[in-house]
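Structure first, commentary second.
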Amino acid sequence: MTTNHRIALIPGDGIGAEVLPPAQQVLDVLGRRHGFSLSYTSYDWSCERYLREGAMMPADGIDQLREADAILLGAVGYPGVPDHVSLWGLLIPIRRSFRQYVNLRPIRVFEGIDSPVRGARPGEVDVVVVRENMEGEYSEVGGRLNSGFPDEIAVQEAVFTRAGVTRLLDYAFTLASQRGGRLTSATKSNGIIHTMPFWDQLVTERAASFPQVAWDQEHIDALAAKFVLEPARFDVVVASNLFGDILSDLAAAVAGSIGIAPAANLNPERDFPSMFEPVHGSAPDIAGQGIANPLGAIWSAAMMLDHLGHPAAARDITDAIAAVLAKTDVRTRDLGGTATTAEFTDKLIELL
Ligand code: ATP
Ligand code: MG
């Protein structure tokens, strides 16, 4: 009997709708090989919908997604629509309603890719950034006073809870124990004197339960510099919502193109669907031309298969990504080639 997984597809805007079909093509090949099937329900939730109807998704949008086994998202963003609309109108409600408190962003420098960073030799860089995804600096606590007056002020509180940080750290330490056995915690407890010392304290507490993991902590400024200078020294990096966001974009750039980087918004307890999405945005500058790099979406689909219980199928995908980059010179324009999205996808499927 083949297992069927119900996938909610949210192509979104711009190249989001161009990179999901390649991911589906790859998923279908693997389903046939590994004995599972996927059924898709597609949702047109996007900034374009916002411009048409005044909301990114319908009022009962979260309820519509609830029964899905996973959500695969392309990208949201549209010229003229402020980023906070797509963030607070779609992504953050999904992350929070479904308790997707882990944002997982693997970074590898593949053979055959030119990293802009000299120290990033192919095959040596294999890092996972584990970003807190529900609390921290991205909070609604705060406000603005005295609008337009010389004494105008804005206050934004960062909110860190023992429960929220601890569950994230448990995930990160467990992941580190299954990988290279090293964990680095991003902090800034020299300048941020309440939340970051609390974070550090909880890291120390949780570390006691994972004696097999060698861990250290770095101030975010120094860590950012080391990510550029010697990215190969890192294995698992755990960070708050804001620090993790910045570090993972930095790391994606180190890897050679933002078009490759995947992300998973995980609900580790699996009581709600998790969401998988490429790190890149809707790329309005290249949308509609059929030249977007599909690897970020395809790798995100691999993370989805891993989460759905098909690790071997997921590995087939990452192996094929490594192979298409190492063994062929077929590439999209962001990687210095001339291939279209479809040509790049076909080559990858040929190697799968
Ligand atoms: P958004 O507002 O949706 O975040 P953005 O323009 O701010 O969009 P990205 O969409 O990530 O951010 O684009 C940043 C740059 O990277 C653009 O020049 C874009 O063309 C390029 N880019 C992003 N993703 C890809 C991809 N998959 N393939 C090729 N180029 C890409
Ligand atoms: Mg952007």
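What the table below lists for this structure:
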| quantity | calculated |
| --- | --- |
| Reach of K347 by Cα under 21 Å, taken over lysines that are not fewer than 8 positions away in the same chain | K327 |
| Amide H contacts of D235 (H built 1.01 Å from N, under 5 Å, at least 5 apart or other chain) | T184 |
| Debye intensity ratio I(q)/I(0), log10, region 79-184, q values 0.11, 0.12, 0.18 Å⁻¹ (C-alpha model) | -0.58, -0.67, -1.03 |
| Spacing of the two label points (7 Å from each Cα toward its C-beta) at T3 and D83, in nm | 3.6 |
| As computed over region 115-255, the Cα convex hull volume per residue (Å³) | 122 |
| Alpha carbon centroid spacing (whole Å) that separates region 43-65 from region 278-352 | 27 |
| Label-point separation, L351 to K226 (7 Å along Cα→Cβ), nm | 3.2 |
| Pairs of alpha carbons in the chain whose separation is greater than 27 Å (percent) | 47 |
| Sorted by Cβ density within 10 Å, fewest first, the residues S46, S139 | S139, S46 |
| Qualifying GluC sites (Glu not before Pro) in region 251-352, DSSP loop, other Cβ atoms within 10 Å at most 10 | E269 |
| Under Karplus coefficients 6.51, -1.76 and 1.60, residue-wise ³J(HN,Hα) of region 191-202 in Hz, glycine/proline x | x, 9, 8, 10, 5, 6, x, 5, 4, 4, 4, 5 |
| Potential extension, E205-V159 segment - 0.36 nm per residue separation minus Cα distance | 14.6 nm |
| Phi to ³J(HN,Hα) by Karplus 6.51 cos²θ - 1.76 cosθ + 1.60 over region 17-28, Hz, x for Gly, Pro | 6, 8, 9, 6, x, x, 4, 5, 4, 5, 4, 5 |
| Cα-based convex hull volume of region 258-352 per residue, rounded to whole Å³ | 93 |
| Listed peptides 140-148, 307-315, 21-29 by packing density, highest first (mean Cβ within 10 Å) | 21-29, 307-315, 140-148 |
| GluC sites (Glu not before Pro) lying in DSSP loop within region 36-132, provided at most 11 other Cβ fall within 10 Å | E67 |
| Spatially proximal lysines relative to K226 (Cα-Cα < 17 Å; intrachain offsets below 8 disregarded) | K188 |
| Relative contact order of the chain, pairs being alpha-carbon contacts under 8 Å that are 6 or more residues apart, as % | 22 |
| Zone of K327's modelled label, taken as backbone nitrogen in region 85-116 under 20 Å from a point 7 Å along Cα→Cβ | 109-114 |
| Amide H partners (placed H, <5 Å) of H219, local residues excluded | T187 |
| Cα pair distances exceeding 26 angstrom across region 1-155, given as percent | 47 |
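Just so you know, all these numbers are worked out from the coordinates, no wet-lab data involved. Remember, it's a predicted structure, so these values are computed and weren't measured experimentally. FYI the Cβ positions are ideal-geometry reconstructions off the backbone, even for glycines, and counts take in every protein chain you see.
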